[in-house]
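Visitor: There's a structure below that I have some questions on.
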Amino acid sequence: MEKKLRLFSLLLLFSVSFVACKDDSEPVDNEPVVTNHAYMGDWEGTFTGGDSGTWTCTIDKDGKLEGQMFSNNGQAYYGVTGSVDDNGKFDATIDVNGVIIDFDGQGVDGKTASGTWSNAQVMISGTWTGAKK
């Protein structure tokens, strides 16, 4: 019995020592890896063509884009969602009451961006430009 108690105590001590010596600098699988995305921040711009207006968005550290656009044709604001990759490729969509508008483009040095937009359902398109605030 005493031998079992010593063995249990030794195993317990070893387990506590092992856990206490764990290197906390390693990322945990469920924790996001923080990056410093060059395009991270608040943006604003304009678009012209078959419709015109303004847009604003925020790009987070992972490149996720969320914002809104104001359509002069519709006289309303609509939500913008999408992403920007590390190379500055903008890929966003706007849902205008079930009609999807695609905004695609390219950023330059994390400061400015431009591209095209199109709506295949109603056959309108145009260009857009923007800059980080």
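Visitor: Treat each spin label as a single point 7 Å out from the Cα along the C-beta direction, and report the Ala120 to Thr93 distance in nm.
Guide: Here the modelled spin labels are 1.1 nm apart.
Visitor: Using the eigenvalues of the Cα gyration tensor, what equivalent ellipsoid semi-axes result for segment 41-132 when each is taken as the square root of five times the eigenvalue, whole Å, largest first?
Guide: 20, 13, 12
Visitor: Next question. I'd like the FRET efficiency for Gln75 and Thr112, computed as 1/(1 + (r/R0)^6) with the beta carbon distance as r and R0 of 35 Å, rounded to 0.05.
Guide: Once the sixth-power term is evaluated, E becomes 0.80.
Read-outs: derived from the displayed coordinates by stated rules, not from any lab. Computed from a prediction, not measured in an experiment: that's the story for all the values here. No Cβ is skipped: glycine too gets one built from the backbone with ideal geometry, and neighbour counts run over all protein chains shown.
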